[in-house]
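This report concerns only the one structure given below.
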Amino acid sequence: MSETPRPELVVEGFPGRPRPRWIELTTSADHKELGRILITAAFGFLFLAAVELFLMRLQLAIPENSFMSPVGFNRMLSTYGATAVFFFAIPLVFGLFYYVAPLQIGARGTALPRLGQLGVALFGAGTVLFYSGFMFTPSEAGVNPLAPLTELAFLSNNGVDAWAAATGLATLGFVFLAIDLLTTLRRLRAPGMAWRRVPIFAWAATVGSWLMLVIGPVLLAALTMLMIDRNYDGIFFADGSGGAPLLWQHLSWIFFTGAYMLVLIFALGAIAEIFSTFSGKPLFNRPAVMVSLAAIAVIGTLAWMQNMMTAPIGIGWMYFAMLMSLALLIPFGLILFNLISTLAGGVLRMRAPLLFAIGAVSMISIGLAAELEQSLVAAAWQIKNTTDATAATHFALVGGAVFGGFAALYYWFPKMTGRTMGEYMARLSFWTMVVGTLVAFVPLFFAGAEQGQVIDAYKFFAGKGLDAYNLIASIGTLILFVGIVLTLVNAIQSRVNGAEAGHDPWGGDTLEWFTLSPPEPHNFDVLPDVRSPRPMRDIREAIANRTARDEQPAREQQPVA
Amino acid sequence: MAPHSPGTDQIDTLLWIGFIAAAIVVVAINVALFRVVRQYRSERGAEPRQLTSGRRIQFRVAGALTAFAAVVFILGIVFTDKAREQPSTGAAGLAAAKEEPLEIKATGQQWLWRYEYPNGAFSYYKLVVPVDTAVELDLVSTDVVHTWNVPDLAGKHDAVPGKTNHVVFRADDEGEFDGEAATLSGQAYAAMRTEVDVVSAQAYKEFLEQQKGDIEAAQKRVVGLIENGEVP
């Protein structure tokens, strides 16, 4: 390669001081800064969600408790739902996608950075609006607020309006992020990186972004209708005058079911990267995993009516929902088979990311199996809307978003900050969380499936065989809360005090480990030609070969006397 | 929960099938995962084997999963169909309900259930039905979505405003069965309960007459008071 002489670049220094960090942060359109804002905010809201869940469990620790008022409980429930879904799970997923995927495909930035910046700003506006609404009159309508309870006639204060506006702003933000990510993933891949060589997490980002592009606008449409109903005498969801309360259920469940799948797609993508790195093996049959991830997005979202098994929708649709739910066994089963086969034959380094990834697979498996039972139509008539359903959702989503999210955090934290998170605290946190999750949610299976305890109720009655289950579940929630806080504290401490990581602490195979930790604003000075799904491994092998070749003559030299 | 009707018997069986299927999934995944993790914990100097898979094994796994899902799906349909089958009124049941099920209208409202019987009598909170008799509840709502949920007698179903939903069941045993509404419907949702009293056909008839007589007497009294000008 011949060097072309370049004119010397003279950079005129900024007059005065460099701009303060917070201005840099709030005005930056760099995907790494924006991704870090999303991830940090998401974990902040995880803390809030955990506090809210614990407060609700405190109310439900003993029968007929009066710690919270009925209205207070409903407000806490609504706030918890929105926080966990819109301000923790989805932003965490998009934060990590947005930070990592462009690095993995060797992009020097995103394709539409200002759109991504707008997305993060809209998400931020949503959180501020929601929690300032929380100070006054939060929504009382539940996690998925079913019409017509949300109509003005039944909840006349501004809580539902604040809920709808805040979740709408955040969702619009996610849609913009998805557009930016998709454009980036399509247009800015490194030379040689065909789709069949795209890292699996970046593929998960592609599938997840497509999914958000489909389900986000559906929710936005439903929220718009709700706002028109409440503020401009609309009748979309009102009964009696041509409206249809069930319409809200269809539209909102399409979004919530899709979001559930989005979290699992994210988690499985991250777990696949971690399993592959920490076993030192390539992903077992990439094509099958890629196809299965896409299949989960499509089939899983089509199963939305699984949530409407007790509504008057006709038995045919219920069978359709059951068929879709059971068909999900195939892509999920294939992915888990390939993930476990990835570990087999490897040399497993049991570090924190692998530990959390294994925990995530285990928890997700319990959640999905419980969802399987929830999808059998007549069985759903008995166990839907009982705490069995609560437990199923929480196993899948705590497994996907919290265990999976923490696995991803431990894995990519060195890349984001240049420092590794503490291993001892990671282990402590992991085992506390495993115990906490099992103790918190397994009793709810029994309370729901055996005793029929209904969900969302601010109290339960004594003498129904529910006391012990609920008390144990409340204790478990506290343990889980402690476990979550341990990792959050670990992250805050390690940000300053963690061990220096270097650019590639785990020996990863994908291109994000080619950059500095944290990466320069432009990510890459040079890009390797991508020849396989494991470009970093190719580079390491090339270096090893060259070193071996260079060292060859040295060994043949005569020893010096 | 203990089944006391033919429908809930079927549901109970399906719940067990679902539980076994779920247990198979959980055990298979976790046993495989933990065995692999134990077996391949890092050993000094070992080299990871760079295995990837061919297509054939993927098709085999997918085939096995499809077969499993298909079996569960078919069992799900079979038992759901059995559970929603219209039960027939037995010998001890109400004679009038031999041909057509006894139709009772159940109206959900914040936060109470109202039951209307064929003879025009109605009751709040408590539903009285004859034993061994096919009953069809027509679920409607006057305000928000409510879920009628008496797990010992039937599956839960929603009362959605503007629509009519149906629950059919036949109580096999006399007794009192509790139920709690199962969809968040506002402040007093947790207090929205109901009770089904299953009584003999004779006692049911007596209840209907009594209830109708009481309602008419009360009605008359109110009308009388209004006519006398004692209440505005």
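Within region A:420-451, the set of residues being outside any helix (DSSP H, G or I) and more than 21 Å from A:Phe275 (Cα to Cα) comprises A:Glu450, A:Gln451.
The single condition from (1) of a type outside the set (Asp, Glu); (2) within 30 Å of A:Gly463 (Cβ to Cβ); (3) touching a residue at least 40 places away in the same chain (Cβ under 8 Å) that B:Ala22 fails is (3). Does A:Ala379 count as surrounded by 21 or more Cβ atoms within 10 Å (Cβ to Cβ), assigned to a helix (DSSP H, G or I), in contact with an Asp or Glu (Cβ under 7 Å, 6 or more places away or on another chain) and within 14 Å of chain B (Cβ to nearest Cβ)? Yes.
Within region A:303-318, residues that are within 11 Å of chain B (Cβ to nearest Cβ) have Cβ atoms under 6 Å from residues that are of a type in the set (Lys, Arg) in these pairs: A:Met309/A:Lys384; A:Thr310/A:Lys384; A:Thr310/B:Lys156; A:Pro312/B:Lys163, counting only partners at least 6 apart in sequence or on another chain. Please find, among A:Gly35, A:Gly44, A:Gly72, the residue that is of a type in the set (Gly, Ala, Ser) and buried (at least 18 other Cβ atoms within 10 Å of the Cβ). Selected residue: A:Gly35, the only one of A:Gly35, A:Gly44, A:Gly72 that is of a type in the set (Gly, Ala, Ser) and buried (at least 18 other Cβ atoms within 10 Å of the Cβ).
For B:Ile77, indicate whether it is at negative phi and at pLDDT 95 or above. For B:Ile77, the condition - at negative phi and at pLDDT 95 or above - is met.
Per the conditions (1) modelled with pLDDT under 95; (2) more than 14 Å from chain B (Cβ to nearest Cβ); (3) surrounded by 24 or more Cβ atoms within 10 Å (Cβ to Cβ), the sole criterion not satisfied by A:Ser132 is (3). Would you call A:Leu334 within 11 Å of another protein chain (Cβ to nearest Cβ), in contact (Cβ under 8 Å) with a residue 40 or more places away in the chain and assigned to a helix (DSSP H, G or I)? When the stated conditions are applied, A:Leu334 passes them.
Exactly one residue out of A:Leu92, A:Leu152, A:Leu115, A:Leu182 is touching a helix residue (DSSP H, G or I) at 6+ places or on another chain (Cβ under 7 Å) and over 30 Å from A:Pro535 (Cβ atoms): that is A:Leu152. For region B:43-61, taking the residues that are polar (S, T, N, Q) and more than 18 Å from A:Ile271 (Cβ to Cβ), the one that is surrounded by the fewest Cβ atoms within 10 Å (Cβ to Cβ) is identified as B:Gln50. Per the conditions (1) under 29 Å from A:Ser532 (Cα atoms); (2) more than 10 Å from every other protein chain (Cβ to nearest Cβ); (3) buried (at least 16 other Cβ atoms within 10 Å of the Cβ), the sole criterion not satisfied by B:Tyr40 is (2).
Applying the set (1) at the interface with chain B (Cβ under 10 Å from one of its Cβ atoms); (2) buried (at least 24 other Cβ atoms within 10 Å of the Cβ) to A:Phe356 leaves exactly one unmet item: (1). Scanning region B:1-49 for residues that are in contact with a helix residue (DSSP H, G or I) (Cβ under 9 Å, 6 or more places away or on another chain), aliphatic (A, V, I, L, M) and outside any helix (DSSP H, G or I) turns up B:Met1, B:Ala2.
Put simply, of A:Arg495, A:Arg531, A:Arg540 the only residue that is among the charged types (D, E, K, R), more than 30 Å from B:Gly155 (Cβ to Cβ) and outside any helix (DSSP H, G or I) is A:Arg531.
The values are calculated or read from the model by the stated rules, or taken from the named source; none is laboratory data. All of these numbers come straight from a predicted model, not from anything done at the bench. All Cβ positions, even for glycine, are placed from backbone atoms using ideal geometry, and neighbour counts span all protein chains on display.
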